[in-house]
Amino acid sequence: MNVSDSEKIVTLMKGIGYRQTADAGEADLVLLNTCSIRATAEQRVYGHLGKFKAMKKGKPGLIIGVGGCVAQQEGEKLLKKAPFVNLVFGTHNLHLLQKMVTAAEAGKRSIETDFLDDEKRFDLFPHAESEGGITRFVTVMQGCDNFCAYCIVPHVRGREISRSAAKVVEEVTALAAAGVTEVTLLGQNVNSYGFREPGEPDFADLLRLVAQVDGVERIRFTTSHPKDISPRLIECFAQIPKLAPHIHLPAQSGSDRVLKRMNRGYTGAEYLAKVAALKGACPGIQITGDMIVGFPGEDEAAFQETLALMEEVRYADLFSFIYSARPGTKAAEYSDEVTRAEKQGRLERLQVIQKKTTLQRNESMVGSVQRVLVEGPSSSGDSLFGRTGGNRGTVMPGDPSLAGRVLEVSIVEGLQTILKGEILHA
Ligand code: 5AD
Ligand code: SF4
């Protein structure tokens, strides 16, 4: 979501005469888009700000802005704490950014962190530039009503607001016309997309509408909440050929007791039943997830249940995090914190197991033929990089002019973080 917001910020700034630079030392304007999901992400913001403060000493005209979730959370405090900051914009205020930067050019500091209500929902979804790119994000909803006990997102992104299906299709059509091959529909909880009124599309309907746009060859979406995955959505994997066979489906824990305390709205068995239904509808679907270790009250037995769930799902990849208490969340009030050493130990054990599964799964793909969307040259520059439908990164020899094409690739090697392949026919 932050990457997507940053793209929109760049588009907005181009609209008032700025252009992007890769060298911060060259910049006249620095906009820091921040994340507060865990304490470490938040701490990093202050590190960056220190660096920009030093830069401003040598360049007093430098405009510095802070946006995103930390800005939303800190608001006025940030302006006070950091007198060298010119503007602070929250998660609902991108549409005001051009005005705020123009004011800063005239020497005025400003702050905008109000949440928008339903009436002004359209302001929440400024278009990113339609030109260029092979794979692009399209925001379909923002915010979250779930209030998982550990999570700061509902506090800093506000309530769920969906974008109209017509606007989503319009943006996808513009991207397709500009040559984009793949779109990822984006939202904090895309499965609860929709206006929930008779005749209004839900997320499964939206996928079908987007699939009708000519030119787009592959559709992805993120992120899904297990409790909101409907049978209608699961059917989409069987029925929409453009829908990539991959789902990011965070479980967060395998223990029913912990899941309940997390306020996740499902049990381990219910999660596994959805996974089984997805595998039934789409054999070969790649499942990735998120897991938190050391949530308050998680004991060794509960942690073992997480490992057992992982064993059953066999994730293609898993993002795992040490629980971090966030201000204002329910779990921050829980007193049974797990010790730092236990959290660290569990994370390491979990990651060792996942690494093995990932490697085994990658190795088992050797000999298969995958449809790979070529994104461009690989990081080493001497081959091409692309992704399978299941979202596995793949490198293969080939001509850079193949970027943007979906090609049949024979997998010849499965490594820990990447597959190696050979293009069958271009
Ligand atoms: N501590 C640790 N991890 C968290 N996540 C969200 N909030 C926290 C927190 N307080 C993780 C969840 C979520 C992912 C984006 O970040 O796993 O799915
Ligand atoms: Fe956070 Fe839960 Fe909402 Fe995901 S569903 S953004 S974890 S509150």
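The values are calculated or read from the model by the stated rules, or taken from the named source; none is laboratory data. Remember, predicted model here, so these are calculated numbers, not experimental data. Note that each Cβ is placed from the backbone with ideal geometry, even for glycine, and that neighbours are counted across all protein chains shown. Heavy atoms of the whole protein, side chains included, go into the accessibility calculation; ligands, DNA and RNA do not. Shrake-Rupley method; radii C 1.70, N 1.55, O 1.52, S 1.80 Å.
Is it the case that some residue within region 178-189 is within 16 Å of ligand 1 (Cβ to nearest atom) and farther than 20 Å from residue 10 by Cα?
Yes.
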### Task
Inspect region 241-248 for any residue being assigned to a helix (DSSP H, G or I) and touching a residue at least 12 places away in the same chain (Cβ under 8 Å) and give the result as yes or no.
no
## Note on the structure
The correct count of residues that are part of a loop (DSSP other than H, G, I, E, B) and surrounded by fewer than 21 Cβ atoms within 10 Å (Cβ to Cβ) in region 172-187 is 2
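Yes or no: region 74-87 includes at least one residue that is farther than 26 Å from residue 243 by Cα and part of a strand (DSSP E or B).
Within region 74-87, one or more residues are farther than 26 Å from residue 243 by Cα and part of a strand (DSSP E or B).
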### Task
May I ask you to say which residue of 232, 220 is surrounded by 19 or more Cβ atoms within 10 Å (Cβ to Cβ) and on the phi < 0 side of the Ramachandran plot?
220
### Query
Any chance region 88-104 includes a residue that's within 16 Å of ligand 2 (Cβ to nearest atom) and in a helix (DSSP H, G or I)?
no
### Message
Pull out all pairs, ordered by first then second residue, where Cβ-Cβ is under 8 Å, the residues are six or more apart or on different chains, the first lies in region 146-165 and is free of Cβ contacts under 8 Å to residues at least 60 places away in the same chain and under 15 Å from residue 327 (Cα atoms), and the second is away from ligand 1 (no atom under 11 Å from the Cβ) and open to solvent by 30 Å² or more (accessible area, probe 1.4 Å).
### Response
154/145; 154/147
### Query
Are any residues in region 117-145 surrounded by 19 or more Cβ atoms within 10 Å (Cβ to Cβ) and among the hydrophobic types (A, V, I, L, M, F, W, C), and if so, which ones?
124, 125, 128, 137, 138, 140, 141, 144
### Query
Out of curiosity, is residue 169 open to solvent by less than 30 Å² (accessible area, probe 1.4 Å) and not polar (S, T, N, Q)?
no
### Summary
The lone condition residue 148 fails out of (1) within 14 Å of ligand 2 (Cβ to nearest atom); (2) at pLDDT 95 or above; (3) in contact with a strand residue (DSSP E or B) (Cβ under 7 Å, 6 or more places away or on another chain); (4) open to solvent by 10 Å² or more (accessible area, probe 1.4 Å) is (3)
### Query
Given the residues 207, 259, 272, which is the only one that is under 20 Å from residue 186 (Cα atoms) and either within 15 Å of ligand 1 (Cβ to nearest atom) or not in a loop (DSSP other than H, G, I, E, B) (or both)?
207
### Message
Every residue in region 372-415 that is open to solvent by 30 Å² or more (accessible area, probe 1.4 Å), over 17 Å from residue 184 (Cβ atoms) and part of a loop (DSSP other than H, G, I, E, B), please.
### Response
379, 380, 381, 382, 397, 398, 399, 403, 405, 415
